[in-house]
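This report concerns only the one structure given below.
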Amino acid sequence: MIDFMKYLRLNRIGLVCLVIVVCCPAVALAQSGGAPLGSQTLGRAYWHVFVAYAIAWLLVAFWLAAISRRLGRVEGRVDHSVDD
Amino acid sequence: MNRSRMKKISMSFGILGVAAILLLHYMVFFWVPTELSMGIVQRIFYIHVPSWWVAFISFGVVALCSGVYLWLGDDRLDAAAVTAAEGGMIFTTIGLLTGPLWGKIAWGAWWTWEPRLTLALLLWFIYLGYFLVRRSTLNPERGKRLAAVVGIIGVLDIPLIHVSVSWLRSLHPEAVVLNPDGPTLDESMLATLLVGLLAYSLIFVCLFTVRYSTELVDRATQMQDV
């Protein structure tokens, strides 16, 4: 009977060890985010990066164009007032 | 400060800014490693954070100049405030548009009404109000004073945006550089981000000086016409 209990306890420990060994990589994967999110939608992510950088430079260029247009107008007015 | 000196200053900042921008693009697309969990879309971070950095600095300049303008009544301070507000609007718009492009991949949604995003959008509307208030009165001086008050009130939103991630339940990633425990970024990513911050700051200073000197000349010629 005692031998049987020992056998059962050993088996239980073995079973727990087996579960830990099997589950640990799964838990570790879950902790690290599993499959990288970027790779799930990789092609689309490239487009998003491209559009983000394009928006940034278009808006800076828009501000630059607005400033140069204003500068041109002011210089025109200054030249006009000098001629007068 | 005369115009030719302002031109030289803006030119030097512009040349440095363009050089820093080229370096930033090289680092972002050829040097810095891809982040493990977010993948390629994380590279938006290197323009998203600098755009908010410049937006916050410019709205700080708006509030400072507006406060001193209300005190001293110097028209040059109002010119500086309106110039900084214009730049702030541009860079806030960049931040507001690049964030959702990252969020769609990382969160699966373009926009969520979570605290930081909502407060950031509120900041954009406050400074839109700054321009609307300037033109809302028949008396331009009164418009300038009202806009100065809006500029000062608006800057109070910036600390709220910063602390909203840690004080409120927020989806937005926490600060990775201005963190009490120090930067949690990889060294190469931190270096790329710092180059991005420098590049955007230089571009802002260059455009600010050109726009400010134009505004001063514009106001002077208008006064002469009157």
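The values are calculated or read from the model by the stated rules, or taken from the named source; none is laboratory data. All values derive from a computational prediction rather than experimental measurement. Here the Cβ positions follow ideal geometry from the backbone for every residue, glycine too, while neighbour counts run over all protein chains shown.
The set of residues in the range B:50-76 that are out of contact with any Leu (no Cβ under 6 Å at 6 or more places or on another chain) and within 14 Å of another protein chain (Cβ to nearest Cβ) comprises B:51, B:52, B:54, B:55, B:58.
Does residue B:165 satisfy the condition of being assigned to a helix (DSSP H, G or I), at pLDDT below 80 and farther than 21 Å from residue B:90 by Cβ? For residue B:165, the condition - assigned to a helix (DSSP H, G or I), at pLDDT below 80 and farther than 21 Å from residue B:90 by Cβ - is met.
When you check residue B:142 against the structure, is it assigned to a helix (DSSP H, G or I), of a type in the set (Lys, Arg) and touching a residue at least 40 places away in the same chain (Cβ under 8 Å), yes or no? So residue B:142 does not fit the description; no. Search the range B:77-98 for residues being under 21 Å from residue B:141 (Cβ atoms) and not aliphatic (A, V, I, L, M), and hand back the single one that is nearest to the other protein chains (Cβ to nearest Cβ). Per the criteria, the residue is B:86. Looking across the range B:118-147 at every residue that is small (Gly, Ala, Ser) and surrounded by 13 or more Cβ atoms within 10 Å (Cβ to Cβ), the one that is nearest to residue B:162 (Cα to Cα) is identified as B:120.
Name every residue in the range B:26-49 that is at the interface with chain A (Cβ under 10 Å from one of its Cβ atoms), in a helix (DSSP H, G or I) and surrounded by fewer than 17 Cβ atoms within 10 Å (Cβ to Cβ), in order of residue number. Matches in the range B:26-49: B:29 only. In contact with a strand residue (DSSP E or B) (Cβ under 9 Å, 6 or more places away or on another chain) and modelled with pLDDT under 95: is that true of residue B:45 in this structure? In short, yes.
Cβ-Cβ distances below 7 Å connect the following pairs, each with a first residue in the range A:60-84 that is at the interface with another protein chain (Cβ under 10 Å from one of its Cβ atoms), a second residue that is surrounded by fewer than 14 Cβ atoms within 10 Å (Cβ to Cβ) and assigned to a helix (DSSP H, G or I), and a separation of six or more residues or different chains: A:81/B:224. Within the range B:101-117, being more than 14 Å from chain A (Cβ to nearest Cβ) and either crowded, with 16+ Cβ neighbours inside 10 Å or in contact (Cβ under 8 Å) with a residue 12 or more places away in the chain (or both) holds for B:112, B:114, B:115, B:116, B:117. Can you find a residue that is surrounded by fewer than 17 Cβ atoms within 10 Å (Cβ to Cβ) and not in a helix (DSSP H, G or I) anywhere in the range B:67-80? Among the residues of the range B:67-80, at least one is surrounded by fewer than 17 Cβ atoms within 10 Å (Cβ to Cβ) and not in a helix (DSSP H, G or I), which makes the answer yes.
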